[in-house]
Amino acid sequence: MIREGREFTSDMPQLAELRRFVSDGVRGAWPDASPDLIAQLELAIQEAAVNVAIHAYQREPGRPIWADLEIDKDRLALTLTHQGRDFDPGAVPPPKFDGSRTGGFGVHLIRELMDEVWYLHAAARRGLRMVKHRSSPAKGSKTMQMLVEKFEDVAVATPQVESLDAGNAEDFRKELEPVLRDARKLVLDLNKITFVDSRGCGAILSCLKSMTEVGGDLKLCRVTRPARIVFDLIRLQRICEIIDTKEQAVAAFKK
């Protein structure tokens, strides 16, 4: 296991040093890592650090960015934290591939390049945690994108799809496995889900079961009207609290 931490700054010349810090760690832990894998990691790190420098620190030079790297034989985790403005990834619209809008590509690239992305919202330091598995699934094998945020000890997961059904319920469970492993307080934000079938309900109940088995809890928030009709029919609200907003759901864990 390699564990290293370094402090960088928001100055753009520091980005090359940050990329080198990670790539050197990868080469030390995974000597057979392919150039393509290292290039993917460097690009994801570049996009994340640029977002911190430009958006969190508003291009102010000399501000601290902390990088914490953990690599074992199967998994790399890089956490970038800062003291700048907080970032709401859910407010970033998806990129336009026809050239009509240039924004949103950084967040998109990070999601595509990394296997897990956690956005961290904390009072002292904010940032993101990116995870790459040494053996990642083949490109295009996943049908589910999941936005994951952490507010202190409460994780919020937002599926980036309109349907939760037989076609993607298993992908939903797989995408949530890292969250279920690391969190004991989980909010599922279903604001994008407009269709749920019995398999989708089963996937949610499976997550609830996993949480309760380890002493945790699961709450739902921002449930759309079509999904709520299904949940009412199966009386889901009797065993899983349904809350109006994300902020209220996070706060409910602190009561």
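Would you mind computing, in nm to one decimal, how far apart the modelled labels at Asp153 and Asp32 are, each placed 7 Å from Cα along Cα→Cβ?
Reported label-point gap for Asp153 and Asp32 is 4.1 nm.
Provide, for q = 0.08 Å⁻¹, the log10 of I(q)/I(0) from a solvent-free Debye sum over equal Cα point scatterers in the chain.
One equal scatterer on each Cα of the chain leads to -0.34.
Give the Cα extents of segment 1-136 along the principal axes, in whole Å, largest first.
40, 35, 27
Based on the Cβ-Cβ distance of Arg181 and Arg85, what FRET efficiency does E = 1/(1 + (r/R0)^6) give at R0 = 25 Å, to the nearest 0.05?
E(calc), rounded to 0.05, equals 0.25.
Mind checking which aspartates and glutamates have their Cα closer than 12 Å to the Cα of Lys73? Skip sequence neighbours fewer than 8 apart in that chain.
Answer for Lys73, where 12 Å is the Cα cut-off: Asp32, listed by chain and number.
Using the structure shown, list the pairs from Lys192/Lys219; Lys150/Lys192; Lys132/Lys255; Lys209/Lys255; Lys174/Lys255 with a Cα-Cα distance above 28 Å, or answer none.
Pairs exceeding the cut-off: Lys132/Lys255; Lys174/Lys255.
Using a cut-off of under 20 Å, list every residue of segment 150-170 whose amide N is near the label point 7 Å from the Cα of Val214 along the Cα-to-beta-carbon line.
Answer for this model: 150-159, 170.
Give the Debye-formula value of log10 I(q)/I(0) at each listed q (0.23 Å⁻¹), with one equal scatterer per alpha carbon of segment 141-255, two decimals each.
Evaluating at q = 0.23 Å⁻¹ gives log10 I(q)/I(0) of -1.50.
Given points 7 Å out from each Cα along the Cα-Cβ axis, report the Leu205 to Glu112 separation in nanometres with one decimal.
Label-label distance for Leu205 and Glu112, simple model: 3.8 nm.
Taking the Cα-to-Cβ direction at Gln145 and at Val50 and moving 7 Å from each Cα, how far apart do the two end points lie in nm?
1.8
Taking a cut-off of 17 Å, what percent of all Cα-Cα pairs in segment 1-80 are separated by more than that?
42
Counting pairs of Cα atoms in segment 54-97, how many percent are more than 16 Å apart?
58
Length gain on complete extension for the stretch Ala166 to Ile234, per 0.36 nm per residue less the alpha carbon to alpha carbon distance?
Values: separation 68, 0.36 × 68 = 24.48 nm, distance 1.70 nm.
Residue separation times 0.36 nm, minus the Cα-Cα distance, leaves 22.8 nm.
May I ask you to evaluate 6.51 cos²θ - 1.76 cosθ + 1.60, the Karplus curve with θ = phi - 60°, for each residue of segment 246-255 and list the ³J(HN,Hα) values in order in whole Hz, giving x for glycine and proline?
Along segment 246-255, the couplings run 5, 4, 5, 5, 4, 5, 4, 6, 9, 6 Hz.
Once phi is turned into θ = phi - 60°, what whole-Hz ³J(HN,Hα) does the Karplus curve with 6.51, -1.76 and 1.60 give for every residue of segment 168-176, x standing for Gly and Pro?
After applying 6.51 cos²θ - 1.76 cosθ + 1.60, I find 9, 4, 5, 5, 4, 5, 5, 5, 8 Hz.
Read-outs throughout are calculated quantities, based only on the coordinates presented, and are distinct from any laboratory measurement. Computed from a predicted structure; not experimentally measured. All Cβ positions, glycine included, derive from the backbone under ideal geometry; neighbour counts span all protein chains shown.
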